[in-house]
Amino acid sequence: MSNTTEQFYVMDYLPDDAGSPYFMDKEWDPGLPDYDIFTAPPKSTYFSPEYRLKASATQLDGDFLISDNLVSFDFLKLCEECLVHSIHIPVDISPLRKKKTGKEYYLFFLLDYIEILD
């Protein structure tokens, strides 16, 4: 971790808000690999270089969709600035009604769990 005196806070989280659905049906192409998070973090070799996602949401604009392992480019930049080690893979998302997402999204998997707590 870096020696920073800055602090970061989550100010508001509204699950199931318009841009941050609590749950959405998903169709991944290619399919996601299986791994046991309690045994060890995933390896980058488990994954394809990019993914496509058909999502049942009509709008996506959250920065960290926890249950879907999706993060925005802005969230990814913050993690890189804080030296958080992760696997991140670009995802082309197709929401319902052929709308476009307002942000670039990535599949996101932590490699070092402790740094994300700092």
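For segment 90-111, the set of residues classified as among the hydrophobic types (A, V, I, L, M, F, W, C) and either under 9 Å from the mean Cα position of the chain (by Cα) or part of a helix (DSSP H, G or I) (or both) consists of LEU96, LEU107, PHE108, PHE109, listed by residue number. Within this structure, SER44 fails the test of being closer than 15 Å to MET24 by Cβ and surrounded by fewer than 19 Cβ atoms within 10 Å (Cβ to Cβ). Within segment 23-81, if we keep just the residues that are aromatic (Phe, Trp, Tyr) and closer than 14 Å to LEU111 by Cβ, the residue that is modelled with the lowest pLDDT turns out to be TYR35. Considering only segment 76-89, how many residues are without any contact (Cβ under 8 Å) to a residue 60 or more places away in the chain and not in a helix (DSSP H, G or I)? Within segment 76-89, residues that are without any contact (Cβ under 8 Å) to a residue 60 or more places away in the chain and not in a helix (DSSP H, G or I) number 6.
Residue by residue, here is whether (1) among the β-branched types (Val, Ile, Thr); (2) out of contact with any Pro (no Cβ under 7 Å at 6 or more places or on another chain); (3) free of Cβ contacts under 8 Å to residues at least 24 places away in the same chain; (4) closer than 23 Å to LEU96 by Cβ holds:
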| position | (1), (2), (3), (4) |
| --- | --- |
| PRO49 | no, yes, no, no |
| ALA55 | no, no, no, yes |
| SER67 | no, yes, no, yes |
| ASP74 | no, yes, no, no |
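You will find that of LEU60, LEU53, the residue that is in contact with a Ser or Thr (Cβ under 6 Å, 6 or more places away or on another chain) and under 22 Å from ASP29 (Cβ atoms) is LEU60 and no other.
The values are calculated or read from the model by the stated rules, or taken from the named source; none is laboratory data. These numbers were taken from a predicted model, which means no experiment stands behind them. Here Cβ is always computed from backbone atoms with ideal geometry, including for glycine, and neighbour counts include all displayed protein chains.
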